[in-house]
Structures are given as structure tokens and as C-alpha cells.
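The values are calculated or read from the model by the stated rules, or taken from the named source; none is laboratory data. On a predicted model such as this, the values are computed, not experimentally measured, just so you know. Here the Cβ is made from the backbone with ideal geometry for all residues, glycine too, and neighbour counts use every protein chain on show. The accessibility values were calculated without ligands, DNA or RNA, using every heavy atom of the protein model including side chains. Shrake-Rupley method; radii C 1.70, N 1.55, O 1.52, S 1.80 Å.
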Amino acid sequence: RTELSTIGEFGLIKLINSKFELKNPESLKGIGDDAAIIDTAGKELVVSTDLLLEGIHFDLAYTPLKHLGYKAVAVNVSDIAAMNAIPKQITVSLGLSNRFSVEAIEELYEGIKIACDEYKVDLVGGDTSASRSGLVISITALGTAQKENIVQRNTAKANDIICVSGDLGAAFMGLQTLEREKQVFLANPDMQPQLDKDKDYVIERQLKPNARMDVIYELRDLGVVPTSMIDVSDGLASELLHLCKNSGTGAVIFEDKIPIDDQTYLVATELTFSPMTAALNGGEDYELLFTIKQEDFETIKNMSDISFLGYMTNDVDGVKLMMKSGSLINVTSPGFEHF
Ligand code: TPP
């Protein structure tokens, strides 16, 4: 174990810098001056920041640092994707206590690097500081898009079709599984933690979320620009309510169209959760929720990993869920309320 104090802040920056290379031509200057220099090549610059705090957003009892590094980048890339922009650079700022060794920070950056390579982004800056309140990770992501491609959350119209990528509720069931395993482990400290194979998918969705850049590239190839878009960090209900409130619309979605993986069903049932509640209110899916004009449906109807949930309405009375039984219920959302 190498103490952070042996290499100091500048040693740490040098170490981090030695592991990353700039790959985007737009990244003119990365780490090494007071600020990075980015060429936006005449495009709009899209900027997003996410703060991740130990105990609020992650628990190191069951989150390997490599996974945490990857996830911290992926959730930021997901915000850029949700603007229909292409991520190009990130900055990473850390608050560290001396509980962390140089090797531990290297592990964190290994995950950051894997994500930077996967999403083709450059690490161009950041800051490090001592922290007395656990690990703090703040990432800012920069992306670019042509003005006409940028998609916001306030531009959906009545009759637009509501689409979502992937499946929902798995990351929440993964979190519930890990929390329970942690409790068992804490009660029996001599026991080796054993990951249940039947829960591998939900655990992976919690620990290693995927930013859906593949969906952005596919929509681009098909020539479809969504009319509104948001990424699902807080759960489908909360995000759809955001789209509706911001756009001045309502929405109707159909229970039998909500994509839920078989393993999510099984784990939810075993842990006495309703799979539908996990999908609606669980959060951390990092899927893309977007609306398209009716006329674009023909073009995207065969996209492999997209579900068509329902449509936007003129009714400003929020989101309604049409149950298989035929009853219509109002969707409300607690979301992830910090304060
Ligand atoms: N507590 C721990 C220890 N681990 C978790 N994964 C969660 C709670 C669940 N959780 C963390 S972030 C999050 C949820 C449900 C959702 C969104 O967080 P927020 O900071 O509101 O993200 P933003 O909308 O700002 O991107």
C-alpha cells in the first residue's frame, strides 16, 4: 500500500496523466495548464455535471472502485446522450481521505479509463482535494452537437410516441440485492460474500450501467431526431413527468409495453417488490426516454432495443398508466429526492 502522502497531489496528477492519452482532435490541450482548450468546430457545446457522494450515491462495501470509476463516467455520458449530443471530454474532481491508497485511486482511474475508451472521451482536467466526509467524485462532461440535432425536454407535442431503450427496474433490484447481501455479510463477518448467479444481470445493471450512445448513433443513422429526450436516472415515472411538465403535455403509457427483464421479475418477486414499481420508480437505469413524431414511427419501429410505451396527450393532468385490466391509474413519482 502506497500512502497518498508519499506522492502528494502533484504526484497523483502526474500518475493519472501518464495513463491517459487524448484521442479526439477537438481536445487541443488536456491536463497541464490552468484550463483545458477545446475546439468545438462550430458546433454547440453541451455541458453536464454530476456529483457522486459516498453514502448517498454509492456504498463502497459492495462497489468495487473500478466499477465506481466506470459508473461515474457512464452516468455523465448518459446526460450528454440525452441531449442527442456526442460526448468528447470529461473532467474528474475527487475528494479523498487518507483511507485511500495510491493503488486504490489507480483502481478508480482504471474504471474511468475503461469508460473513457468505451465512450471515446478524453480526460482533460479536474482537481483533487482532501476530504473529511468520505469519497467525493464530481465529473463534468462536455459534448458537441449541431444546433439542429440538440434535443431538450420541453419540446414534446401531443400525439408524439413515447419510446424507451432497454429494460427498466433491473438496477434497482440489483441495489436491493447488494444491500441485502451487505446486511447478511455485516451480521456474519467470517462469511465470504457470495454473489448469486441468478442475480448477475440485475447486479451488473447496478454496478456497471451503460450509457446508451448506441441508441443515439442508431437514431442518427436512421435520420430521426427525437422531439424530446431525458435519461432515466430517477425512474420512468419521474422522468416522464419531467418531459410532460416541461413540454406542457400529458401522457398515456400501457402497462404491458413497459420493458422488464425476466430476472428483474424473479428478483423483485423474491424480495417482495412489485416489478412494476421497480420499473416505474426504481431509478439508475440510464436508459433513454424519448418522444418521436408519429411520422417517424415507421423508420424506427424495427430498432432492436426500443419499446413504444404510449403517446403524449393534450391533457395536462400528468401521466396515466393503462393497466392490462383496462383501468387507468395516475402515475406519481417520489423520484430520488435529496432534500
Ligand atoms: N444509495 C446508495 C448507497 N447507492 C445507490 N445506488 C442509491 C442510493 C440509489 N441511487 C443513487 S443515485 C440515484 C439513485 C436512485 C438516482 C439519481 O441520483 P441524482 O443525484 O438525483 O442524479 P441526477 O438526477 O442528478 O443525475
Using alpha carbon centers only, the stretch 1-53 is separated from the stretch 115-176 by a whole-angstrom value of 18 Å
DSSP beta bridges in the chain: the antiparallel percent, rounded to 5, is 75 percent
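Would you work out the Kirkwood radius for the stretch 4-148? I mean one over the mean of 1/r across all pairs of different Cα atoms, in Å.
Details: mean 1/r = 0.0646 Å⁻¹.
Computed over the stretch 4-148, the radius equals 15.5 Å.
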Of all DSSP beta bridges with both partners in the stretch 4-148, the antiparallel percent, nearest 5, is 70 percent
So the angle from the long Cα axis of helix 170-187 to the longest Cα principal axis of the chain, reported in degrees to the nearest 10, equals 50 degrees
Given 25 °C, 0.890 mPa s and a Kirkwood radius over Cα pairs, the Stokes-Einstein diffusion coefficient of the stretch 157-240 in µm²/s is 158 µm²/s
For the table Lys43/Lys245; Lys257/Lys320; Lys14/Lys66; Lys19/Lys199, the rows whose alpha-carbon distance is greater than 24 Å are Lys43/Lys245; Lys19/Lys199
In whole percent, the fraction of accessible protein surface over the stretch 161-331 that belongs to carbon or sulfur atoms, probe radius 1.4 Å, stands at 50 percent
Per the stretch 200-302, sqrt(5λ) over the Cα gyration tensor eigenvalues, sorted largest first, in Å, gives 25, 17, 13
Distance in nm between Asp317 and Asp221 label points, each 7 Å along Cα→Cβ, equals 4.3 nm
Here FRET efficiency (C-beta to C-beta, Ser304 to Asn154, R₀ 35 Å, nearest 0.05) is 0.75
A convex hull over the alpha carbons of the chain yields, per residue, a volume in Å³ of 149 Å³
Expected sort for 310-319, 42-51, 25-34, 243-252 on mean C-beta neighbours within 10 Å, highest first, is 243-252, 310-319, 42-51, 25-34
Helix 65-81: inclination vs the chain longest Cα principal axis, degrees, rounded to 10, gives 50 degrees
To the nearest Å², the heavy-atom accessible area per residue of the chain with 1.4 Å probe amounts to 48 Å²
Helix-only [θ] at 222 nm, the chain, -39500 (n - 2.57) per DSSP H run of 4+, per residue, nearest 500, equals -11000 deg cm²/dmol
With the label point 7 Å along the Cα-to-beta-carbon line of Ile37 and a cut-off under 14 Å to each amide N, the hits in the stretch 14-29 are 26-29
So the angle from the long Cα axis of helix 236-247 to the longest Cα principal axis of the chain, reported in degrees to the nearest 10, equals 70 degrees
